[in-house]
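Please treat every number below as a calculation from the coordinates, not as lab data. These numbers come from a predicted model, not from an experiment. Ideal geometry is used to build each Cβ from the backbone, glycine not excepted, and the neighbour counts take in all protein chains shown.
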Amino acid sequence: MKGSYLNDGFFSRLETLALNLRADLAGFFGGKHLVKTYGQTVEFADYREYMLGDDIRRIDWNLYSRFEKFFLKLFTDERQMHTQIFLDCSASMGKANPQKGAYAIAVAAALGFLSVHNMDKVSFKLVKGNRAEDPYGTLVGKKSFFNAISDLEKLEFTDESDVGEAVTKCPNVGTNDGLTIIISDFFTELDWKKAVDYLVYKKRQVLLVQVLSPEEADPVYSGRLDLLDSEAPDLTDGRNMKLRITRSMQLAYEEAMKDFVADIKDFCTSRGADFISIQTDKEIEKVLFGELLKVGIMA
């Protein structure tokens with residue numbers, strides 16, 4: 001039976017953190033993200049000369065008395081962003097290792113909490129097959145968030161997921177109005193990269209979070225083993241195999257895993273997306289603070 005990471009203490013420890021989004025993103029008024037455009041907040045930003053059609057109420061009459069020219073006061077603008085979290089619900093994410101699934105849910109919940117805590121909107125997209133289910137809609141405020149989280153903890157991980165197809169077919173992804181997070185182990189032969197390309201085309205800020213168990217990152221198995229693919233339909237599937245694990249095979253796996261993670265990172269870098277790889281034996285708060293701080297998403 002899987003455990004849960006989600007409790008009052010978990011969320012209270014996150015309250016001092018915040019997501020740091022790019023300043024050029026668009027969004028709705030009323031949030032906490034400063035953007036480069038000027039708006040209606042009380043924080044002064046700059047002056048510019050008056051132009052025909054400008055609001056005369058914003059003229060600084062003190063400057064007019066000194067320079068006999070009309071100047072407008074400009075103030076900073078703050079926007080509310082939309083954080084979309086796509087959670088891979090395939091069997092490899094939690095069927096054989098329920099604790100991995102619980103960890104992935106907790107990561108999704110933590111990132112969602114950081115959004116609503118800072119007055120942003122959040123939505124959880126559950127990737128099942130080639131579809132992204134949206135059971136909770138767009139969440140605003142902590143009450144609706146915690147109602148959704150209590151249900152999210154019951155999530156089951158089964159079958160295969162096509163992240164690329166699910167994201168590109170997802171309605172209302174939005175354009176240039178926030179952050180999209182994809183949480184997965186990316187153990188698939190399907191084309192997940194087209195999801196990143198699509199989101200970049202939509203001018204979303206993109207973060208990929210790879211969740212791995214310690215056994216997946218650095219297995220210590222030896223001898224004869226039956227290796228079963230958690231996403232295989234039955235035991236006769238060709239992906240299941242019997243192997244004698246040797247030291248050379250362990251070294252080959254280690255190199256292959258390094259190449260696998262490096263390929264994801266290099267692809268994300270080439271698209272202007274961010275990527276972190278985390279293991280389930282690490283404290284979530286420390287992982288989020290340490291890894292997201294490195295890529296500039298945590299403030």
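The Phe260 and Ala96 beta-carbon pair, evaluated with R₀ = 30 Å, returns a calculated FRET efficiency of approximately 0.95. Gain on full extension, evaluated as 0.36 nm per residue between Lys154 and Lys202 minus their Cα-Cα distance, stands at 14.1 nm.
Ranked for footprinting exposure by Cβ neighbours inside 10 Å, fewest first, Val116, Val211 give Val116, Val211.
The simple Förster model, with R0 at 35 Å and r as the Cβ-Cβ distance, assigns Lys169 and Leu293 a FRET efficiency of 0.55.
Taking the number of Cβ atoms within 10 Å of each Cβ as an exposure proxy, the fewest-first ranking of Ser92, Ser12 is Ser12, Ser92. As a proxy for reagent exposure, Ile56, Ile297, Ile264 were ordered by neighbouring Cβ count within 10 angstrom, fewest first; the result is Ile56, Ile264, Ile297. Close amide H contacts of Phe71 (hydrogens built in the peptide plane, cut-off under 5 Å, sequence separation of 5 or more or a different chain): Tyr50, Asp60, Tyr64.
Shown in residue order for region 254-267 are the 3J(HN,Hα) couplings computed by the Karplus curve 6.51 cos²θ - 1.76 cosθ + 1.60 at θ = phi - 60°: 4, 5, 5, 5, 4, 5, 4, 5, 5, 5, 5, 4, 5, 4 Hz (x for Gly and Pro).
With the cut-off at 27 Å, tell me which of the pairs Lys95/Lys258; Lys100/Lys265; Lys73/Lys143 have Cα atoms farther apart than that. Cα-Cα > 27 Å for Lys73/Lys143; rest within. Students often get this wrong, so check it: of Lys169/Lys294; Lys121/Lys169; Lys169/Lys286, which have C-alpha atoms separated by over 29 Å? From Lys169/Lys294; Lys121/Lys169; Lys169/Lys286, over 29 Å: Lys169/Lys294; Lys169/Lys286.
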